[in-house]
Amino acid sequence: MERVLIVDDDPNILEMMEYNVLDFGFDAAVAESGKDALEKLIKRSYDVVITDMKMPGMDGMQLLRHIKKFYPLTAVIVVTGFDKEYSYLDVIRAGASDYLAKPFNIDELEAKIYRALREQKLARQVKELEEQYQLPPQL
């Protein structure tokens, strides 16, 4: 079963997203901050991390960069309200699999998780082929 880590400092959003992710058929865990998310990532692997951008301490962009550096095959979906600090392009360039604007539709959330998982599976297959045929890694 695919594992999804949801990161947000708003307990109501965490509860709602956890409920929906479980309802989609995934294993769900929650973290109330970027630091809490890092501690959970050290203890257990996750297929997808869904993170809010605006959080005290470590924001979503810092968390995204850390995940891409240390857990490159973990898909990250960034969720945020209207934000002038980071654009959609900024988070994609930083390695996010996708971007979800608040308020969001539950069907859109589910579709983005499935898409991220599909892309993650393809990335793993490419990596296996590179190793099998001793090809240089693709960018």
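Tally up the carbon and sulfur contribution to the accessible surface of the chain as a whole percent, 1.4 Å probe, everything protein left in place. It would help to have the intermediate numbers written out before the result.
Working: 4370 of 8260 Å².
Of the solvent-accessible surface of the chain, carbon and sulfur hold 53 percent.
Build a GNM of the chain with springs between Cα atoms under 10 Å: which of Ala123, Ala101, Ala31 gets the top mean-square fluctuation?
Checking each option, the largest mean-square fluctuation is seen for Ala123.
Given the C-alpha centroids of region 15-39 and region 62-139, what is the distance between them in whole angstrom?
With region 15-39 and region 62-139 each reduced to a Cα centre, they are spaced 17 Å.
Cβ neighbours within 10 Å, averaged per peptide: list 127-134, 67-74 in order, most packed at the top.
Working: 127-134: 9.9, 67-74: 14.8.
Per-residue mean Cβ counts within 10 Å order the peptides as 67-74, 127-134.
I'm spelling it out carefully: the read-out is Cα Rg over 2.2 N^0.38 Å, the candidates are (1) 1.03; (2) 2.30; (3) 1.07, and one was derived from this structure. Which label?
Among (1) 1.03; (2) 2.30; (3) 1.07, the one derived from this structure is (1).
Note down the relative contact order for the chain as a percent, whole number, built from C-alpha pairs under 8 angstrom at least six residues apart.
Working: 200 pairs, mean separation 27.0, N = 139.
Averaging sequence separation for qualifying contacts and normalising by length gives 19 percent for the chain.
Mind telling me which of Val30, Val78, Val126 comes out most flexible in a GNM of the chain, alpha-carbon contacts under 10 Å?
Maximum among the listed residues: Val126.
The values are calculated or read from the model by the stated rules, or taken from the named source; none is laboratory data. In this text the structure is predicted, and so the values were computed from the model without any measurement. Using ideal geometry, Cβ is built from the backbone for each residue, glycine included, and neighbour counts are taken over all protein chains shown. Quick note on the areas: whole protein, heavy atoms, side chains included, nothing else; ligands and nucleic acids left out. Shrake-Rupley method; radii C 1.70, N 1.55, O 1.52, S 1.80 Å.
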